[in-house]
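Taking it in order: structure first as structure tokens, then the write-up.
No value in this document is a laboratory result; all are computed from the given coordinates. Just so we're clear, the structure is a prediction, and the values are computed from it rather than from any experiment. Reconstructed Cβ throughout: ideal geometry from the backbone, glycine too, with neighbour counts over all protein chains shown.
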Amino acid sequence: MLRIGVDLGGTKIEAAAVARDGEITLRRRVATPRDDYDATLAAAAELVADLERHLGYQTTVGVGMPGTISPATGLVKNANSVWLNGRALDRDLCARLGREVRFANDANCFALSEARGGAAAGAPIVFGVIVGTGTGGGIVVNGRVLTGRNAVAGEWGHNPLPWPRPEELPGAPCYCGLRGCIETFLSGPGLARDHQEATGEARSPVEIAEGAAGGDAAAEASLQRYEDRMARALASIINVVDPDVIVLGGGMSNLTRLYTNVPRLWSRHVFSDRVDTLLVAPRFGDSSGVRGAAWLWEEGRAGNE
């Protein structure tokens with residue numbers, strides 16, 4: 001029997017029917033109704049209903065979400081899709097679907113997918129990175145998600161950028177209420193903001209990457225700043241978690257130069273004589289979120305234990 005995974009992103013909501021071996025057999029996507037909680041619930045529920053109409057039976061549903069369900073309140077916290085914060089997302093979606101649904105942070109779902117048959121298959125400790133609309137992370141140890149006492153394990157995006165340079169201080173305001181968070185530098189909007197501040201040009205991350213590839217010196221400088229910041233940020237993770245593999249996901253993971261340039265830069269910040277950690281591209285790309293979400297039913301309580 002297939003299982004349904006839902007990836008509740010800030011830009012798109014995707015649902016897929018996933019086999020036990022991880023193969024996706026059906027997939028549906030819609031744009032996320034930004035700033036509208038009820039419409040977001042309705043869109044996710046309709047995607048599930050549409051898949052089940054095609055399958056001809058009701059199945060389990062797992063949801064990868066921005067932020068997490070607070071163990072203290074039962075409400076969403078830390079979501080960069082801020083209209084979800086303070087809402088009883090799990091209870092509300094369960095009520096709409098008329099069954100239990102399991103939830104985990106989207107980066108946890110991504111890391112789980114890549115640790116199980118993906119780019120980090122077989123690695124004992126995997127750190128999965130999401131660098132897209134926001135910046136998040138998830139940790140998988142021996143094939144299981146590490147959630148932590150406060151359900152925030154892996155949330156590196158809301159630590160300050162390590163070893164900041166004078167021109168990086170105090171840093172841009174973050175939606176979390178602080179300044180200078182890693183997210184404000186390494187998300188796609190963070191790269192676009194940095195480039196605009198340096199050049200006065202409003203360009204998307206894709207346009208910046210295309211410009212650098214075409215010899216645009218200003219775009220190249222923006223990407224070099226980005227790579228240096230990612231190297232510092234990931235070095236801090238290596239110093240604490242010491243993962244075997246770091247897998248990049250999200251839109252920024254499509255910058256293939258990161259996989260060569262960032263490891264060249266992080267060694268000076270890692271407290272070791274050499275760094276054997278691998279930095280790899282995802283095997284399943286933006287399908288990893290739904291794959292990991294579908295597998296939450298094999299994760300006990302979906303990383304919210």
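Below is a table of values for the structure above.
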item	result
Residue 12 long-range amide H proximity, modeled H, under 5 Å	32
Rule-of-thumb Rg ratio for region 1-129 [Cα; 2.2 N^0.38 Å; N residues]	1.04
Top positive-direction residue, dipole computed over the chain with Cβ charges, set 47, 199, 189	47
Whole-number percent relative contact order across the chain, with pairs defined as alpha carbons under 8 Å at least 6 apart	21 percent
Exposure proxy order (Cβ contacts within 10 Å, fewest to most) of 70, 253	70, 253
Size of electric dipole in the chain: Cβ of Lys, Arg +1 and of Asp, Glu -1, about Cα centre, debye, nearest 20	500 debye
Cα shape, region 1-57, gyration tensor, a/c 1.5 rule	prolate
Simple spin-label estimate for residue 198 and residue 281 in nanometres, 7 Å along Cα-Cβ	2.3 nm
Ranking of 230, 1 by count of other Cβ atoms within 10 Å, fewest first	1, 230
Relative contact order of region 1-138, pairs being alpha-carbon contacts under 8 Å that are 6 or more residues apart, as %	20 percent
Amide H partners (placed H, <5 Å) of residue 279, local residues excluded	246
Gain on full stretching of the segment that runs from residue 36 to residue 260 - 0.36 nm per residue minus C-alpha separation	76.7 nm
The chain shape via C-alpha gyration tensor axes, a/c threshold 1.5	prolate
Backbone HN-Hα couplings from phi across region 66-74 [Karplus 6.51/-1.76/1.60, Hz, Gly and Pro as x]	x, x, 7, 8, 5, x, 7, 10, x
Contour minus Cα-Cα distance for residue 176 and residue 54 (0.36 nm per residue)	39.9 nm
Alpha-carbon centroid distance for the pair region 56-130 / region 150-220, whole angstrom	25 Å
Phi to ³J(HN,Hα) by Karplus 6.51 cos²θ - 1.76 cosθ + 1.60 over region 183-188, Hz, x for Gly, Pro	4, 5, 9, 9, 5, x
Residue exposure sequence - 269, 158, 54, 195 - by fewest surrounding Cβ within 10 Å	54, 269, 158, 195
Shape call, region 119-282: gyration tensor on alpha carbons, a/c limit 1.5	prolate
Between region 277-299 and region 27-49, the Cα center-to-center distance that results, in Å	21 Å
